[in-house]
Amino acid sequence: MVEKQLRRRGIRDASVLEAMSEIPREEFIPAEARLFAYSDDPVAIGFGQTISQPYMTALMAEVLELTGTETVLEVGAGCGYASAVLGRLAARVMALEIVPGLAHLAEANLKRTGTGGNVEVRMGDGSVGWPEWAPYDAISVAAAAPEIPTSLLAQLRDPGRLVIPVGPRYDQELRVVTRRDRRIDYRVVTFCRFVPLRGGEGWN
Ligand code: SAH
């Protein structure tokens, strides 16, 4: 997976490659889908949701340019795999998941694999962020929004980075938003298709 799907497609951050080669991805995938744990696609994790394609998880982690000191907000923990990856790259991860069954699953997976020591999972609507721990050095949103939720921008530190798929239901662009010196800029890194961001500043 790391060689063919990540390195060959341009993922260069050594800490991202290392984290993804060491974290047991199959442990985050339901038993009946384990065969597909390392396939080059999203995989169903129950509740109508998916674990992202490995390349997408790697790309989203890489563009945040984490150095190990950051507090990261993750919106859409799903099965907890990306939370584990981000946990390896940052000081701590605050992960929100709107589906109660998945919030529990993420927590159980992180615990069982010993990857959750610095990850806090909570059930909640991440489209409005998690103000208690704001501002965040980095924010990773794993579900697609029609626009960048203003609450998330408000909870992003200066300097800080946010990655989010933005666009209509079935066709989005992955944006990396950079806040620096009170300026906000963004660039598009790829095109993608994510599950919709639900909740107050999502699709409802
Ligand atoms: N991070 C996961 C990807 C999960 S898919 C991985 O490791 O691959 C996106 C997740 O976002 C789904 O589990 C979905 O339930 C969740 N989600 C959607 N809207 C949300 C919201 N408003 N707040 C929190 N989670 C949300």
**Q.** Environment charge at Leu66 (Cβ cut-off 15 Å; Lys +1, Arg +1, Asp -1, Glu -1)
**A.** -2
Q | Sulfur and carbon atoms: percent of accessible area, the chain [1.4 Å] | A | 51
Q | Restricting region 131-204 to chymotrypsin sites (Phe, Trp or Tyr not before Pro) in coil, as DSSP defines it, with at most 15 other Cβ within 10 Å | A | Tyr170, Trp203
Q) Based on DSSP H runs of at least 4 residues, each adding -39500 (n - 2.57), what is the mean residue ellipticity at 222 nm of the chain after dividing by all its residues, to the nearest 500 deg cm²/dmol? A) -6500 deg cm²/dmol
Q: May I ask what percent, to the nearest 5, of DSSP beta bridges between residues of the chain are antiparallel?
A: 50
Q) What is the packing order of peptides 57-64, 156-163, taking the mean over residues of other C-beta atoms within 10 Å and listing the highest first? A) 57-64, 156-163
Q: Write down the accessible area per residue of region 112-178 in Å², having rolled a 1.4 Å probe over the full set of protein chains.
A: 40
Q: Classify the chain as rounded, prolate or oblate, taking a ≥ b ≥ c as the square roots of the eigenvalues of its Cα gyration tensor: rounded when a/c is under 1.5, otherwise prolate if a/b is larger than b/c and oblate if not.
A: rounded
Q: Can you figure out the FRET efficiency of Arg9 with Arg180, using R₀ = 35 Å and their beta-carbon distance, to the nearest 0.05?
A: 0.80
**Q.** Loop GluC sites (Glu not before Pro), region 114-150, which have at most 11 other Cβ atoms in a 10 Å radius of their Cβ (DSSP)
**A.** Glu147
Q.
Defining a contact as two alpha carbons under 8 Å apart and six or more residues distant in sequence, what relative contact order in percent does the chain show?
A. 16
**Q.** Relative contact order %, region 119-194, counting alpha carbon pairs below 8 Å whose residues are six or more apart
**A.** 25
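The values are calculated or read from the model by the stated rules, or taken from the named source; none is laboratory data. Quantities reported herein were computed from a predicted structural model and do not represent experimental measurements. Note that we place each Cβ from the backbone using ideal geometry, even for glycine, and neighbour counts take in every protein chain shown. What goes into the accessible areas is simple: the full protein's heavy atoms, side chains included, and nothing from ligands, DNA or RNA. Shrake-Rupley method; radii C 1.70, N 1.55, O 1.52, S 1.80 Å.
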